[in-house]
Structure formats: structure tokens, C-alpha cells
Amino acid sequence: MPAGKYKKQDLAYLAGIIDGEGCIQLSKSMNNNRRYTPYSYFSTITVEMGCKDVPEWILKRFGGSLRSRIRKNRRLTMWTWQVSNGFSEELVNHLLPFLVQKKREAELFIEFRKTIKSNRKVALTPKILLFRDLLIRELRGLRKISFPKIYV
């Protein structure tokens with residue numbers, strides 16, 4: 001759907017879903033077949049739920065992909081909506097004003113996407129690789145759960 005066609009209430013609702021059930025992810029993996037860099041980088045947004053209605057609603061309004069998997073330990077079908085790379089950047093820019101819990105993750109996501117050139121046949125400089133790694137590390141640090149100390 002074109003950027004101007006998003007309804008404010010749809011963006012606010014999706015931001016709430018992502019804050020609660022979603023994941024804003026930056027990652028890298030080894031890729032020995034790459035000519036210019038030994039790594040592949042990924043930027044994705046996912047929402048995984050036990051009901052199909054909400055991920056389908058997101059798919060209809062924002063695009064992306066939808067898949068299901070069965071959680072073996074619970075015999076429950078999980079529905080995963082996902083969007084990645086270029087379109088995810090556009091979507092995160094629209095969601096940013098509505099995000100609360102994952103606002104900083106979204107800001108890191110946007111900074112990461114700025115390091116990606118449209119021409120992928122350009123070698124990445126060590127400075128860009130280091131910057132990407134720092135963004136990935138900071139985002140992972142935001143996800144660490146810290147429990148309050150309980151004094152008895």
C-alpha cells in the first residue's frame with residue numbers, strides 16, 4: 001500500500017501490536033560466498049501470535065508475508081507476519097511516532113537502514129561494518145530482561 005494511504009488509527013494499532021507482540025530485529029550472518037563482505041545483514045519486523053486474525057489484518061493493510069508453524073511443545077499453531085528490508089524501513093518511519101516500548105529499537109533500525117546502499121555491489125567500509133555491529137549490539141542490549149531485586 002502506498003505510504004500516504006495508511007490510516008493513523010491503523011498505524012497506532014500496529015505500533016501497539018509491535019510494542020507488545022512484535023520484534024524489531026537487526027542481524028548478521030556469515031556468508032562465505034559474498035564477494036564484497038563476508039556477512040549478510042538483515043532487518044526485519046515480525047509479529048507472532050496464536051490467533052490468525054490480527055496477523056492477517058496486518059498483512060491486508062501493510063503487506064509483507066504471513067506464515068504458520070506448529071509449536072510442538074504446545075500443539076499450538078503460531079501465525080507470523082513479517083516484513084523485511086526496504087519496505088520495513090518505510091513502515092518503521094511511519095510507526096515511529098506511535099511506538100512506546102520499542103521506540104529506541106525503531107530508531108536503531110532506521111539508522112541501520114541508512115547504511116544500506118541501493119547498489120549492493122559496493123564493498124562496505126570497515127567503518128560501516130563497525131557501525132552496523134554497534135547498532136546490532138545496542139538493539140540486543142535493549143532486550144535484556146532485568147528483574148527488580150526483591151529484599152526480604
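The values are calculated or read from the model by the stated rules, or taken from the named source; none is laboratory data. For clarity, every value in this text was computed on a predicted model and none was experimentally measured. Using ideal geometry, Cβ is built from the backbone for each residue, glycine included, and neighbour counts are taken over all protein chains shown.
So here's what we get for this one:
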read-out	value
When residues of segment 73-84 are limited to those that are farther than 20 Å from Ala15 by Cβ and not hydroxyl-bearing (Ser, Thr, Tyr), the one surrounded by the most Cβ atoms within 10 Å (Cβ to Cβ)	Met78
Some residue of segment 71-82 being assigned to a strand (DSSP E or B), hydroxyl-bearing (Ser, Thr, Tyr) and at pLDDT 95 or above	yes
Ser118 at pLDDT below 90 and in a helix (DSSP H, G or I)	no
Residue check, Ile45 in contact with a Lys or Arg (Cβ under 6 Å, 6 or more places away or on another chain), assigned to a strand (DSSP E or B) and within 30 Å of Leu124 (Cα to Cα)	no
Segment 124-140 - residue that is over 17 Å from Ser43 (Cβ atoms) and either surrounded by fewer than 10 Cβ atoms within 10 Å (Cβ to Cβ) or touching a helix residue (DSSP H, G or I) at 6+ places or on another chain (Cβ under 7 Å) (or both) and, of those, modelled with the highest pLDDT	Lys127
